[in-house]
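Engineer: Before I ask anything, here is the structure I am working with.
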Amino acid sequence: MAVRNSEALEVFLQVAADSRVSWRAVELAGRGIAADAAGVIWVMSAGKLSLDGEKLTDLLIEQGDLVDALADSWRSFDGGDISGTDFEMRLEGFVLGLEGWISRAARG
């Protein structure tokens, strides 16, 4: 399985640096960076130690699906296929999804 966290971080950094996005999108990118970091810390410090392989794998696949959706939305925005407003709504959904993923993962 490829490391997915670096892909999410790359997209969030691209969003934060892009002059075409709103300040709200930049804020969401910052929250996404924080959530992504929290997820990495949890996996390394708790997830690998407290969960069986199958449960951890399921959680990481779920996280990977979120990252894929984020990357697809960014490519669609960057390519002009969706508007800034549509991208911002998708970005918000992704960030909320990642924050929720961390909460669920921490509960085991």
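Engineer: Might you report the magnitude of the Cβ-based charge dipole of the chain about its Cα centre, with Lys and Arg at +1 and Asp and Glu at -1, to the nearest 20 debye? Intermediate results must be reported in sequence, preceding the final value.
Structural biologist: Values: 10 positive and 18 negative charges, 72 e Å.
Here the size comes out at about 340 debye.
Engineer: Separation between the Ala71 and Glu54 pseudo-spin-labels, each 7 Å from Cα along Cα→Cβ, expressed in nm?
Structural biologist: Between Ala71 and Glu54, the simple spin-label model gives 2.8 nm.
Engineer: While we're here: Considering only protein heavy atoms and a probe of 1.4 Å, how much of the accessible area of the chain is carbon and sulfur, as a whole percent? Let's see the in-between values first.
Structural biologist: Numbers: 3350 of 5950 Å².
Within the chain, the accessible surface is 56 percent carbon and sulfur.
Engineer: Moving to a separate point now. Describe numerically, in nm with one decimal, the distance between label points set 7 Å from Cα along Cα→Cβ at Ser19 and at Ser103.
Structural biologist: Label-label distance for Ser19 and Ser103, simple model: 3.8 nm.
Engineer: Let me check against my output: what whole-number percent is the relative contact order of the chain, with C-alpha pairs under 8 Å and at least 6 apart? Walk me through the numbers before you get to the answer.
Structural biologist: Working: 84 pairs, mean separation 40.6, N = 108.
Relative contact order comes out at 38 percent.
Engineer: Treating the Cα atoms of the chain as identical point scatterers in vacuum, please give the log10 of the normalised Debye intensity I(q)/I(0) at q = 0.12, 0.15, 0.21 Å⁻¹, two decimals.
Structural biologist: -0.39, -0.59, -1.04
Engineer: With viscosity set to 1.306 mPa s at 10 °C, what whole-number translational diffusion coefficient in µm²/s follows for segment 59-108 from Stokes-Einstein and a Kirkwood radius over Cα pairs?
Structural biologist: Working: Rh = 11.4 Å.
Answer from the Stokes-Einstein relation: 140 µm²/s.
Engineer: Also, I was wondering about something else. Give the accessible surface of the chain per residue, rounded to a whole number of Å², with probe radius 1.4 Å and ligands, DNA and RNA excluded.
Structural biologist: On the way: 5950 Å² over 108 residues.
So the chain comes to 55 Å² accessible per residue, rounded to a whole number.
Engineer: Within the set of other residues whose C-beta is less than 13 Å from the C-beta of Asp72, count the net charge using Lys and Arg as +1 and Asp and Glu as -1.
Structural biologist: Details: positive: Arg75, Arg90; negative: Glu7, Asp65, Asp68, Asp78, Asp81, Asp86.
Every neighbour counted, the sum reads -4.
The values are calculated or read from the model by the stated rules, or taken from the named source; none is laboratory data. If you're wondering where the values come from, they're calculated on a predicted model, not measured in any experiment. Positions of Cβ are generated from backbone atoms using ideal geometry, with glycine treated the same way; all protein chains shown enter the neighbour counts. We work out accessible area using only protein heavy atoms, side chains counted, and drop any ligands, DNA or RNA first. Shrake-Rupley method; radii C 1.70, N 1.55, O 1.52, S 1.80 Å.
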